[in-house]
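> Shown below is the structure under consideration.
The values are calculated or read from the model by the stated rules, or taken from the named source; none is laboratory data. Since we're looking at a predicted model, the values are computed, not measured. Cβ atoms come from the backbone with ideal geometry, glycine included; neighbour counts cover every protein chain shown. When the accessible area is computed, the model is the full protein with side chains, heavy atoms only, and any ligands, DNA or RNA have been set aside. Shrake-Rupley method; radii C 1.70, N 1.55, O 1.52, S 1.80 Å.
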Amino acid sequence: TACVFLFGVFYSIMMNFEYMVKKAENEVCVTVFFDEGLSDTEIKKLGDTISNRVEVSSVHYTSAEEAWNNFKYPDLAEGFKDNPLINSASYEVYLSDAGMQGTLVTYLENLDGVRQVNRSEATASGLSSAAKLVGYVAIAVIIILLAVSIFLITNTIVIGITVRKEEISIMKFIGATDAFVN
């Protein structure tokens with residue numbers, strides 16, 4: 001019972017931690033900026049091309065006006081009459097697996113109409129390493145718990161037989177079969 005309880009507690013903790021790592025991996029994004037003078041239809045076509053990739057879980061378009069509204073501070077923005085981020089429309093590309101970031105970035109950099117691709121290599125590799133570490137720790141602890149449970153079960157059986165050894169020998173002398181003793 002103790003082993004099953006420990007296994008259940010450990011399993012639930014590991015599943016929650018693995019869920020948190022996977023959720024963090026899904027929040028990793030690559031930002032794609034376009035060449036100047038690209039039309040809205042060409043930008044939409046690029047977005048469709050990007051969203052059809054296996055590595056991509058979702059794509060979010062940010063217009064230049066939306067980018068300016070997100071970054072401007074009321075006191076500091078008074079000096080700007082026009083939007084200084086006029087050519088900063090972008091796609092935020094969210095990955096399904098952070099380990100596939102390098103493949104996606106290489107693909108995106110080779111697309112026509114893409115000016116720049118921003119990424120965080122350290123975040124992606126760190127999350128991939130954390131996911132692998134969680135998997136290895138889970139396997140190690142499961143093996144340890146399995147070994148402990150086998151040891152406890154065999155030890156309990158041996159103790160039960162040792163304690164009842166005299167009873168079993170008396171039953172055998174009387175003529176009890178092995179099936180009856182078990």
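> Over all pairs of distinct alpha carbons, what does the Kirkwood formula give as the hydrodynamic radius of the chain, in Å?
Numbers: mean 1/r = 0.0458 Å⁻¹.
It works out to 21.8 Å.
> Say the dipole of the chain comes from +1 at the beta carbon of Lys and Arg and -1 at that of Asp and Glu; which of Gly102, Thr156, Thr41 then lies farthest toward its positive end?
Value: Thr156.
> Please identify the DSSP H helices in the chain that span no less than 27 Å along the helix axis (Cα) and have a mean Kyte-Doolittle hydropathy of 0.0 or more.
Values: long enough: 2-26 (36 Å, 0.73); 121-163 (62 Å, 1.88).
Answer set is 2-26, 121-163.
> Another one. Can you send over the carbon and sulfur percentage of the accessible area for the chain, probe radius 1.4 Å, protein chains only? Can you show the working numbers first?
Values: 7850 of 12570 Å².
Carbon with sulfur: 62 percent of the solvent-accessible area.
> Can you give the FRET efficiency for Ser51 and Ser125, using 1/(1 + (r/R0)^6), R0 = 22 Å, r = Cβ-Cβ distance, to the nearest 0.05? The partial results should precede the final answer.
Details: r = 24 Å, r/R0 = 1.10.
About 0.35, to the nearest 0.05.
> Mind listing the long-range amide H neighbours of Ser96? Cut-off is under 5 Å, sequence gap 5 or more, other chains count too, H placed in the peptide plane at 1.01 Å from N.
Val56, Ser57
> Highest mean first, how do 138-151, 17-30 rank when packing is the count of other Cβ atoms within 10 Å averaged over residues?
Answer by packing, highest mean first, reads 17-30, 138-151.
> Apply 1/(1 + (r/R0)^6) to the Cβ-Cβ distance of Val137 and Ile157, taking R0 = 30 Å, and write down the FRET efficiency to the nearest 0.05. It would help to have the intermediate numbers written out before the result.
Values: r = 31 Å, r/R0 = 1.02.
Working from the Cβ atoms, E equals 0.45.
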